[in-house]
Amino acid sequence: MWLNVPDFDQLLHSAQYSAIHLEMRDIYGVPDEAQAVERFRETGQSDLDPESEYWHEWTAMVREATRRGVAVHRARIVSEPVTLYTRYLHAMTPVNVAAGEDVRWLPRHNASDLALPGNDFWVFDDHAVRFNHFTGDGDWADPRTSYTEDAAVAKLCVAAFEAVWERAIPHDQYAV
C-alpha cells in the first residue's frame with residue numbers, strides 16, 4: 001500500500017487534470033520559513049514577488065501545470081481567531097493565486113462534522129496521494145512524507161477535500 005515517495009515536482013509535472021492540497025495545521029514550523037515568519041511578525045510584510053528566490057521554483061511549477069490544464073486547488077482549515085502563522089499564510093497567498101492556484105479557507109468550527117485524514121495531503125489526478133507529516137511543533141517529521149496509490153485512501157482524501165472545498169471561503173473573500 002505505501003510506496004516510495006516520488007518527488008513533489010515529478011508528481012505535479014505528471015498530473016494531467018488536478019492537484020489538490022489540504023492543510024489542517026494552524027502553525028507550521030519548517031526551518032525554511034522561519035526568517036520570513038519572523039519578518040512578518042516584526043513588520044507585517046511578506047515576500048509577494050513571484051520571481052523572488054523564495055517563490056520562483058513554486059510559481060514556475062504551478063504556472064507550468066495550469067498551462068497544461070491542471071487545476072491546482074489548496075484548502076486550509078484554520079482556527080479562529082487565527083494564529084500569526086495563518087495571518088502570514090494569508091498575506092502570502094496572493095502569490096499562490098497569481099501563479100494559478102485556487103485557494104480557499106475553512107474556519108475549523110465549520111469542519112467539525114467532516115471526516116478528515118490525520119495528515120495534510122496532496123492528491124494528484126484523484127489517485128496519487130502524498131501525505132505530509134509534521135512534528136507537534138510543525139517541523140517536518142522523519143519521514144517527512146508517505147505516498148500511496150491505494151484507491152480507498154485516494155477516495156477518502158478526495159472526498160474530504162471536496163467536503164472542505166464546498167464549505168470553504170475563496171481567498172479574496174476570507175478576512176483574517
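The values are calculated or read from the model by the stated rules, or taken from the named source; none is laboratory data. Note that the coordinates shown come from a computational prediction; the quantities given were computed from them, not determined experimentally. Neighbour counts are summed over all protein chains in view; Cβ atoms, including those assigned to glycine, are modelled from backbone coordinates with ideal geometry.
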Only unsatisfied item for VAL176, checking (1) in contact (Cβ under 8 Å) with a residue 60 or more places away in the chain; (2) surrounded by fewer than 17 Cβ atoms within 10 Å (Cβ to Cβ); (3) within 17 Å of the chain's Cα centre (by Cα), is (3)
Pairs, please: C-beta under 6 Å, at least 6 apart or cross-chain, first residue in contact (Cβ under 8 Å) with a residue 40 or more places away in the chain and in the range 14-39, second surrounded by fewer than 11 Cβ atoms within 10 Å (Cβ to Cβ) and in a strand (DSSP E or B)? none
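Among the candidates ALA75, ALA65, which residue alone is modelled with pLDDT of 95 or more, buried (at least 19 other Cβ atoms within 10 Å of the Cβ) and part of a strand (DSSP E or B)?
Values: ALA65 fails: part of a strand (DSSP E or B).
Step by step, each of ALA75, ALA65 is checked, and only ALA75 is modelled with pLDDT of 95 or more, buried (at least 19 other Cβ atoms within 10 Å of the Cβ) and part of a strand (DSSP E or B).
Test ALA141 against the criterion of being of a type in the set (A, V, I, L, M) and at pLDDT below 95, and give yes or no.
Values: of a type in the set (A, V, I, L, M): yes; at pLDDT below 95: yes.
Judged against the criteria, ALA141 is a match.
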I'm trying to understand the selection: among the residues of the range 78-89, which are touching an Asp or Glu at 6+ places or on another chain (Cβ under 8 Å) and either exposed (fewer than 13 other Cβ atoms within 10 Å of the Cβ) or not in a helix (DSSP H, G or I) (or both)? VAL78, SER79, VAL82, THR83
Just to check your reading of the model, which residue among ARG108, ARG130, ARG167 is among the charged types (D, E, K, R) and closer than 20 Å to ASP7 by Cβ? ARG130
What number of residues within the range 134-168 satisfy the criterion of being in a strand (DSSP E or B) and surrounded by fewer than 15 Cβ atoms within 10 Å (Cβ to Cβ)? 4
Take the residues of the range 1-46 that are under 14 Å from the mean Cα position of the chain (by Cα) and part of a loop (DSSP other than H, G, I, E, B): which is farthest from ASN119 (Cα to Cα)? VAL30
Checked the range 53-62 for anything loosely packed, with under 14 Cβ neighbours inside 10 Å and at pLDDT 95 or above; matches are HIS56, GLU57
